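The values are calculated or read from the model by the stated rules, or taken from the named source; none is laboratory data. Bear in mind that the values here come from a model prediction, so they are computed numbers and not experimental data. Note: ideal-geometry Cβ built from the backbone for every residue, glycine included; neighbour counts use all protein chains shown. Heads up: the accessible areas ignore ligands, DNA and RNA and are worked out on the full protein's heavy atoms, side chains in. Shrake-Rupley method; radii C 1.70, N 1.55, O 1.52, S 1.80 Å.
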Amino acid sequence: MDKQKWNPAQYAEQAHFVSELGAPVVDLLAPRPGERILDLGCGDGVLTKEMHDAGCRVVGVDASPEMVAAAISKGVDARVVDGHELQFESEFDAVFSNAALHWMTHPGLVLNGVYRALKPGGRFVGEFGGYGNVATIRRALDEALTARGIDATPFNPWFFPRAEEYRLLLERYGFEPLTVQAFARPTPLPNDVTGWLETFAQSFINGLPQEKRKRFVVEVVERCRPALCDGDGRWVADYVRLRFAATKSSRANLTLKPTGSSAGAPEPAA
Ligand code: BEZ
């Protein structure tokens, strides 16, 4: 599977709504001046900067060097780190994450790293794609690949758990969930879904030879049109968010048990 490539200019054009719609997640975090905060999957750093400007000592991490460079250019501390490989030790008052955790498909590794990064009692607050997120787009991608004799399963780069599944994961990895809620958030797109696909669905598109990709995208757009485009040509993507807040609890009584779902499959403990 080709690695997703991030282009900050394309992201700013096609996905500026991501940080704009992240404001309620920052509100849920309620960052206080002087707090040390880790922004996990900081992308181009728009929200990192917001928390920085509010007086927090923020470190942004993201797996994409291009997005980290864009974040640094905004004047924040940002580093290239894969969210599965966090190496911080008891240094943050809070870990924040907006629209990033669905790209991290081994949640146990991520949660272990977040747990280690937090000070005792620290907060973990975030939002990402929940079960059924972008279901129309996913179905269209699946069907268009299947029509070409290709199984889409190995190209799926996303982790979209149910609220109950994520609550169990949080508990299993040492957190006390305060809230874990899934909700539909229909999301207007700046153009038709072409830009969204080219920005976010590269792993499916790149499953095809270069010369077949353009036609594939056109077909996926047409498969999405009846459900996502209204009579006036306005496109709205069928986002489902999973919003949560948890605190780091003592791990003294923690027993690691498989939860029965793939996302909860045993992963190395810290
Ligand atoms: C999301 O924010 O839910 C999302 C964005 C891009 C791809 C998949 C999901």
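Note on LYS119: lysines with a C-alpha under 16 Å away, same-chain residues under 8 apart excluded, are LYS248. Taking one quarter of the surface of the convex hull spanned by the alpha-carbon atoms of the stretch 73-133 gives a direction-averaged projected area of 5.0 nm². Taken along the Cα-to-beta-carbon direction at a fixed 7 Å, the label points for ASP230 and ARG213 span 3.3 nm.
Going highest first, how would you order 93-102, 23-32, 134-143 by mean Cβ packing within 10 Å? The partial results should precede the final answer.
On the way: 93-102: 24.3, 23-32: 16.0, 134-143: 19.5.
So the order, starting with the most tightly packed, is 93-102, 134-143, 23-32.
Here is the tail figure for the chain: Cα pairs spaced more than 34 Å apart come to 18 percent of all pairs.
Rank by packing, highest mean first: peptides 78-90, 106-118, with packing defined as the count of other Cβ atoms within 10 Å averaged across residues. Working shown, then result.
Working: 78-90: 15.6, 106-118: 22.2.
Per-residue mean Cβ counts within 10 Å order the peptides as 106-118, 78-90.
Using Cα atoms only, what is the angle between the long axis of helix 163-172 and the major principal axis of the chain, expressed in degrees (0 to 90) to the nearest 10? The two axes meet at around 30 degrees.
What ranking do 171-179, 9-17, 148-156 get when scored by the average of other Cβ atoms within 10 Å per residue, highest first?
Values: 171-179: 18.6, 9-17: 15.6, 148-156: 12.9.
Taking the mean over residues of other Cβ atoms within 10 Å, the ranking is 171-179, 9-17, 148-156.
Please state the shape class of the stretch 111-185: rounded when a/c is under 1.5, otherwise prolate if a/b exceeds b/c and oblate if not, all from the C-alpha gyration tensor. Mind showing how you got there, number by number?
Working: a/c = 3.58, a/b = 2.34, b/c = 1.53.
Because a/c hits 1.5 or more and a/b exceeds b/c, the stretch 111-185 counts as prolate.
Across the stretch 160-228 the C-alpha pair distances fall into 5 Å bins from zero in the proportions 3, 13, 18, 14, 11, 12, 13, 10, 6, 1 percent.
Given a 1.4 angstrom probe, I'd like the percentage of the accessible area of the chain that is carbon and sulfur, rounded to a whole number. Here it works out to 53 percent. Note on exposure: LYS74, LYS212 ranked by accessible area (1.4 Å probe, complete protein assembly) read LYS212, LYS74, with the most exposed listed first. Expressed in Å, the radius of gyration and Dmax of the Cα atoms of the stretch 29-120 are 12.0, 33. Lysines within cross-link reach of LYS214: Cα-Cα under 22 Å, excluding same-chain residues under 8 positions apart? Excluding near neighbours in sequence, the set is LYS3, LYS5. Of interest is the spacing of the C-alpha centroids, which for the stretch 22-78 and the stretch 134-173 amounts to 27 Å.
Which whole-number value in Å² is the accessible area per residue of the stretch 87-155, probe 1.4 Å? Before the final figure, lay out each step's value.
Values: 2410 Å² over 69 residues.
With the other protein chains kept in place, the stretch 87-155 gives 35 Å² per residue.
Over the residues of the chain, the helix contribution to mean residue ellipticity at 222 nm works out to -10500 deg cm²/dmol, using -39500 (n - 2.57) for each DSSP H run of at least 4.
Nearest-5 percent of antiparallel DSSP beta bridges in the chain? Intermediate values should be presented prior to the final figure.
Details: 21 of 39 bridges.
Looking only at bridges with both residues in the chain, the antiparallel portion is about 55 percent.
Segment ALA9..THR105, full-extension length gain: 32.0 nm, with 0.36 nm per residue of separation and the alpha-carbon distance subtracted. Counting every C-alpha pair in the stretch 142-186, the share spaced more than 13 angstrom apart comes to 68%. Scaling against 2.2 N^0.38 Å puts the C-alpha radius of gyration of the stretch 79-207 at 1.19.
Taking the C-alpha atoms only, the angle from helix 135-146 to the longest principal axis of the chain is near 50 degrees. Helix 107-117 and the long axis of the chain differ in direction by around 30°, with both axes built from C-alpha atoms. Cβ-Cβ distance of ALA135 and ASP77, R₀ of 45 Å, FRET efficiency by 1/(1 + (r/R0)^6): the value works out to about 0.75.
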